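Here is the structure we will look at.
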Amino acid sequence: MINNSPTTSDNRSVKNSHSQTEIPLSSENSTQVPKRQDSQVQTDIIEIKENIFAEYDVTSLSNFLKRVTPMVCSVLEKNSKSKAFDRFKLLSDVDSTSISCLHVLEKQLESEFCCSSISWNSVGTAIAAAYSSNDHKSWCEHSSSVDLWSLGRKDFDPKKPNLTLETDCCITYISFHPELPAVIVAGKLNGEILLWDISKEDDPLLASTEIAVFNHREPITGLHWITHYGKHNKINFVSCSLDGKILLWSYEDDTLKLDHGFVILAKQLPRNFLIKARKDNAEIGITSMTINSEDRNIFVIATEGGGIFQCVFDSLVPAPYTDFSPISLKSPMNMGFERHKGQVTSVQFSPFSRNIFLSAASDGELRIYSLLQPKPLLILQLPSGGISAAQWSPIRPLVLSCVSSNGQFHIWDLKIDEKSPTESIPLTVNRSSGLSLQNNKENPSQLATSSSDGTIQVWELSGSVLAVETGEELLLQSLSKDIE
């Protein structure tokens, strides 16, 4: 009902009216939840004691061990000699490296034989390997060989050489001719030198030296070719040996002719190079040799006891050599360098600088010298192991490579780091000692090493190792700019 009260004084009519709405609807709902109840239980701790002294039948165990021990030992010995996983590498060991192994060259050898020397031919398609025994109690009575693999042939087999040259004595050094790909020279443990032409299939032996008192009588430690401008077919080389002699040879009329010679005697060594010798004129063995790439009259030798000396081929200084010789032996030395603490295994002139050469020794040091001063310009120290062989890169002036006695292959990039190798990789799975190393000058991406287990590893280099950078040659020469 609506009631309107008057708000003014005027009288108004009023009327009653009604309205009706629907009754509101309502409903009730209920929900139910599950009842939960907590309860706890407790158990006693029972201590379990292991019976470490379990009962067993002693007689049965003894019989079992006697039965299986020979078989287990046989399998372990066989596995230790197996080379099935020589090139296998765990995924966890794979890292970013610029070195990969292309081939592992090997042949059936007796256990005491190793690959003593390797050499690439002049066109970089074949590699020769020489073998020598580690067991020499007196005269060498071993039958050895020089084996050749042609890597580019269709019938190439890493376990079967394409050619084998048999010898009656261990070979200590080999070298292919730098221009004639079929000519190779080899030096024996007894001092004899062999010259082959492998293009002659019937009889490849061209000539050999005789074993005489005036020739080499100790193992050959170096064979280096002497090239003549405009005379590409001439065969001339120089040899050095542990008997202290340096002899120059030429191949004429199917014979090796002795043209010139030098000898290193204890009496003529510098005063600061003290060495014990039974007599004043005792010969000092030569362990390595290198000829200057620009001035072919200059060469550097390393001697027993860690000595390094600069020498010249045109020396006229007579050597007080008392034994018989058909030629007059001279003394070639004119300067000595600071000696290594161990046996020097390699010396090599830089192919990019006339005055710079490197040396490596069993003391684990790689040294860079200048011909202009006796002290080394730079000394690089391996973390462990002695160095068996070392070489400059043929395309990068600041890159060196070496193999060590603990089975490692190292590459140094002096532009990146002068304290430690930039690349290090094991030569073999069993860490056999590295023995020799040779760059492939015609194909710089390949490099070969040999190890004491008789295998030859052919490596593929890539990435930064081959990336030639401008200014490296100037940086190498700047090492000695202060003394020039």
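Coordinate-derived values only; no laboratory data. None of these values were measured; they are calculated from a predicted model. Cβ: placed from backbone, ideal geometry, glycine included. Neighbour counts: every protein chain shown.
Only loop residues by DSSP count here, and only those with at most 14 other Cβ atoms within 10 Å; note down the chymotrypsin sites (Phe, Trp or Tyr not before Pro) in segment 161-239 that meet that. Walk me through the intermediate numbers first.
On the way: sites: TYR173, PHE176, TRP196, PHE214, TRP225, TYR229, PHE237; in loops: PHE214, TYR229.
For chymotrypsin sites (Phe, Trp or Tyr not before Pro) across segment 161-239 that sit outside H, G, I, E and B with at most 14 neighbouring Cβ atoms in 10 Å, the list reads TYR229.
In the chain, helical runs assigned H by DSSP with n ≥ 4 each contribute -39500 (n - 2.57); averaged across all residues and rounded to the nearest 500, the mean residue ellipticity at 222 nm is -2000 deg cm²/dmol.
Oblate is the label for segment 254-347, because a/c, from the alpha-carbon gyration tensor with a ≥ b ≥ c as root eigenvalues, is 1.5 or above and a/b does not exceed b/c.
Can you give the relative contact order of the chain as a percent, counting alpha carbon pairs under 8 Å and 6+ residues apart?
11
In plain terms, the chain from SER19 to VAL72 could stretch by 7.9 nm, reckoned as 0.36 nm per residue minus the Cα-Cα distance.
If R₀ is 56 angstrom, what is the calculated FRET efficiency for the pair HIS260 and SER384, using the beta carbon separation as r and rounding to 0.05? Please report the intermediate quantities before stating the final value.
Numbers: r = 42 Å, r/R0 = 0.75.
Working from the Cβ atoms, E equals 0.85.
Around the amide H of THR422, modelled in the peptide plane, lie the amide H atoms of ILE411, TRP412, ASP413, all under 5 Å away and 5 or more residues distant in sequence or on another chain.
Could you give the length gained by full extension between SER445 and THR59, i.e. 0.36 nm per residue of separation minus their alpha carbon distance, to one decimal place?
Values: separation 386, 0.36 × 386 = 138.96 nm, distance 6.33 nm.
That pair, SER445 and THR59, stretches by 132.6 nm at full extension.
Placing +1 on the Cβ of every Lys and Arg and -1 on the Cβ of every Asp and Glu, with no other charges, gives the chain a dipole of roughly 740 debye about its Cα centre.
Is segment 124-252 best put as rounded, prolate or oblate by its Cα gyration tensor, with a ≥ b ≥ c the root eigenvalues, rounded for a/c under 1.5, and otherwise prolate when a/b is larger than b/c, oblate when not?
Oblate, because a/c is 1.5 or more while a/b does not exceed b/c.
For segment 196-236, what class follows from the C-alpha gyration tensor (a ≥ b ≥ c being the square roots of its eigenvalues): rounded when a/c is under 1.5, otherwise prolate if a/b is larger than b/c, else oblate? Cα axes put segment 196-236 in the oblate bin. In the set (1) 1.49; (2) 1.04; (3) 0.97, which value of Rg/Rh (Cα atoms, Kirkwood Rh) was calculated from the structure you see? Working out Rg/Rh (Cα atoms, Kirkwood Rh) from the coordinates points to (1). Under 5 Å between amide hydrogens, built in the peptide plane, is the criterion, and for MET335 it picks out GLN310 among residues at least 5 positions away or on other chains.
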